[in-house]
1. Between residue B:335 and residues 5 or more places away or on another chain, which pairs have amide H atoms under 5 Å apart, with H built 1.01 Å from N, and which residues are they?
2. Counting every Cα pair in chain A, what percent are over 41 Å apart?
3. Starting at the first residue of region B:51-68, write each ³J(HN,Hα) from the Karplus equation 6.51 cos²θ - 1.76 cosθ + 1.60 with θ = phi - 60°, in whole Hz, x for Gly and Pro.
4. By count of other Cβ within 10 Å, fewest leading, how are A:146, B:328, A:63 ordered?
5. Which three lengths, in whole Å and largest first, does region B:162-207 cover when its Cα atoms are put on their principal axes?
6. Over the Cα atoms, compute the radius of gyration (one decimal) and Dmax (the largest Cα-Cα distance, rounded to a whole number) for the protein assembly as shown, in Å.
7. What are the ³J(HN,Hα) values, in whole Hz, obtained from phi via the Karplus relation 6.51 cos²θ - 1.76 cosθ + 1.60 with θ = phi - 60°, for each residue of region B:30-39 in sequence order, with x given for Gly and Pro?
8. Where the label is 7 Å out from Cα toward Cβ, how close does residue B:79 come to the same position in every other copy, in nm, shortest first?
2 protein chains.
Amino acid sequence: MSEPETWATYLAQHEARHLDELVTFLRIPSVSALPTHRADVETAATWVADRLRSAGVPDVEIIPTGGHPLVYGRWHVADDRPTALIYAHYDVQPPDPLDLWESPPFAPVIRDGRLYARGAADDKAGLVIAITAVEALARAQGGPPINLVFFFEGEEEIGSPNLPPLVRAERERLACDAVVSADGSMYGPDTPSLTVSTKGLAGCQVDLRTADTDLHSGEYGAAVPNAVQAMAQLAASFHTPEGRVAVAGFYDRVRELPAEERAEIAAVPFDEAAFLQGTGATALWGEPGYSPLERRWARPTLDLNGLWGGFQGAGSKTVTPCEAHVKITCRLVPDQEPAEIVALLERHVAEHCPPGAQATVTPLPGAARPFAIRRDNPALLAAASVLRELFAKEPLVTRSGGTLPVAEIFQRELGADMVFFAWSMPDCNAHAPNEWFRLEDFERGRRAYCAYLTALAG
Amino acid sequence: MSEPETWATYLAQHEARHLDELVTFLRIPSVSALPTHRADVETAATWVADRLRSAGVPDVEIIPTGGHPLVYGRWHVADDRPTALIYAHYDVQPPDPLDLWESPPFAPVIRDGRLYARGAADDKAGLVIAITAVEALARAQGGPPINLVFFFEGEEEIGSPNLPPLVRAERERLACDAVVSADGSMYGPDTPSLTVSTKGLAGCQVDLRTADTDLHSGEYGAAVPNAVQAMAQLAASFHTPEGRVAVAGFYDRVRELPAEERAEIAAVPFDEAAFLQGTGATALWGEPGYSPLERRWARPTLDLNGLWGGFQGAGSKTVTPCEAHVKITCRLVPDQEPAEIVALLERHVAEHCPPGAQATVTPLPGAARPFAIRRDNPALLAAASVLRELFAKEPLVTRSGGTLPVAEIFQRELGADMVFFAWSMPDCNAHAPNEWFRLEDFERGRRAYCAYLTALAG
């Protein structure tokens, strides 16, 4: 923190205004999933573009996509300075179920040091923190310490369908040395952390057919295959009884966890009882030989997301079902390849499909490669250094069990790794009723961003 | 056939009228399952009662039930004569899908020697055959050769919910030496047969729960149980890979098939290719060590009728489902007991439910004991003799894989075994569009009933 007084003073003097701007932004119901909110999403994009301009960003553009637009910004200060791309999104999840909200989702209120509104944690506070930090740096120093690209999308909550072609097409205008995500979360309040990997995703639907129609079980059940029974056998074949994935080749490309990474994960506090209580589950489950955190963060999984066939109504219907279906997704770790995993699933189905059942395997959308940042990435090391100083403690090294395709897409298309530098917390009710964001983190996050962008100048 | 001329002449002279009466009866859309047809069901009951009276039956009564009424008739001729109860039903299946009918379901038409209408085969022709045969005997001989009780229900197609208490309450008025069912079917045209057993039924629904709500598979899938996966394992545990039921104790009470019964079944022609083609199945399946017909007719089965859990919509939803459900029914053979089988299923679930899943087992309605007639039953032997003479060939001994609770209820409550003496054929589209009945069987069935009731006089 080379010149704390200047930008720090600016931030302190303008904190109330910045918070008020966040409140204004939160009043816009930019729900990307609902067509009725299309105009609101446009309004939010305009708000973001205007706010970038008022922060001093010289090149701001709303770039249309097949869906909701991208808000793009560029502040080039010098050819010999590094360039960081700041990623965030201005769309939000739908607010329902509305009756569970204590105050309306798009009427932000502050209670007990928390700002309640849909999008507060995911991801409008993060977006405003980044912009206001840039404003403070610019006002204090005449401009940001590095070159900046702003990439604020409006489709994150619907899976970023238009992002991959857009990134590819705009590669030159997006060129950067590091990607900084203002979307993501910290491990816990006062528990600084850095996410170093996210999982990939690959999945398929398997449809089984055993006959032309559902059949009378008295006439046929004893003599022809039952699609539901065949599916139960097939669906049960994807795991060993111990909980390991039983698909041949599934683990072939998985990098074994080195001892130092296992130690790193073991150093992260994990309260099993609280974890179970949060879900209502009565027992942990998973691949033997790994801790729950290792499984969630660093081991691949195969999940049966849905299974159905035959009669689901009230009472009894004595049919021998003719078809059954299962949806499967796998969470992938380096160096698993989504297309290869789908091929392994297809082979598994071909080999384990019971006789008399015809199987069709259809890949599911949403395939994504796993993402991991190199531990010697300078932007990651700089983030660790800023967090260490800010919290006066060593940041935890964490990982995400979820999938964030954007990280891998930027890595692949721009050759730049993403550093998650974000201030949402696991208890902020993201995607749930009564979403909120800590005011303390709004204040701290803005200072952290100023320090971090300064640190990236090297 | 002691006095063929008299009743035979009467039948021949009145055949056109009798057929016209059947057509009139078929015009009444007595669909028991649909509340909108309640008045039609009443009309059909009145029609049947009137027709019994015009046949000469002295005591006819419409007995109300909690649902559709029973048409009861009694013709007592002499205390020293045996009594037969003739069973049939006057209600029909719903006709939909209507667009698949070549002519309207309740506008009977004759094409190529077949009478097309909903209910033609199941079971209005059978009911009219029995009444008109009694009329012929009465007109020719002054009364029937034996005492008769008529039991024509209006709820067969909805599972006869009011029949068991009614039979119990009316035990005295239903007392008989034999039950003759005018509902049922022959093995094939010009292939006389007698059904000697029907299967019982017992079932349950199993509900599994692993957590309070569906969970994010990235955050939780690697660490807590998945209800769909647990259900797949559990559902796959009910059978051995070879197709035998794997529930402990399931076969304990099953009477092994004696060599002579296996020979009897082997003597029944069974076209595997045609059977498969009729279903669209590509392979037979079932318990090893038994032929397809043995399995369908004489071995118990466990059928998974429906299975569901998790996400069933289009595309992908990366959830770890918290609940899953399966519906199971078993077809039972002597001496399996429905309640005992449900208890075995409960024990199996308790023993095979994967850790972390809570199982609830709920018995399904429709439990029924298996039924079998003693082979030396005089009414069965008399039926065989009549069929042998009528077709000039030995009738086949067949069984039903289906469940007809009424047979076992009459056996239990009245101490009388049911003889299936019926003229529907497997190709008659019962329960399907374009249901039909052979005119030839209407003529032959009436003669057969006269001969059979005469034979029952001993």
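Read-outs throughout are calculated quantities, based only on the coordinates presented, and are distinct from any laboratory measurement. Please read all numbers here as calculations on a predicted model, not as lab measurements. Counting neighbours? That spans all protein chains shown, and the Cβs are built from the backbone with ideal geometry, glycine included.
1. For residue B:335, whose amide H was placed from the backbone, the distant partners under 5 Å are B:254, B:255.
2. Everything past 41 Å amounts to 24 percent.
3. 5, 4, 4, 5, 7, x, 5, x, 10, 10, 8, 9, 9, x, 10, x, x, 7
4. Listed from fewest to most nearby Cβ atoms, that is A:63, A:146, B:328.
5. Computed over region B:162-207, the largest-to-smallest principal extents equal 42, 42, 15 Å.
6. Computed over the Cα atoms of the protein assembly as shown, radius of gyration and Dmax are 37.3, 123 Å.
7. Running phi through 6.51 cos²θ - 1.76 cosθ + 1.60 with θ = phi - 60° gives 7, 7, 5, 6, 10, x, 5, 9, 4, 5 Hz.
8. For residue B:79, the inter-copy label distances come out at 12.6 nm.
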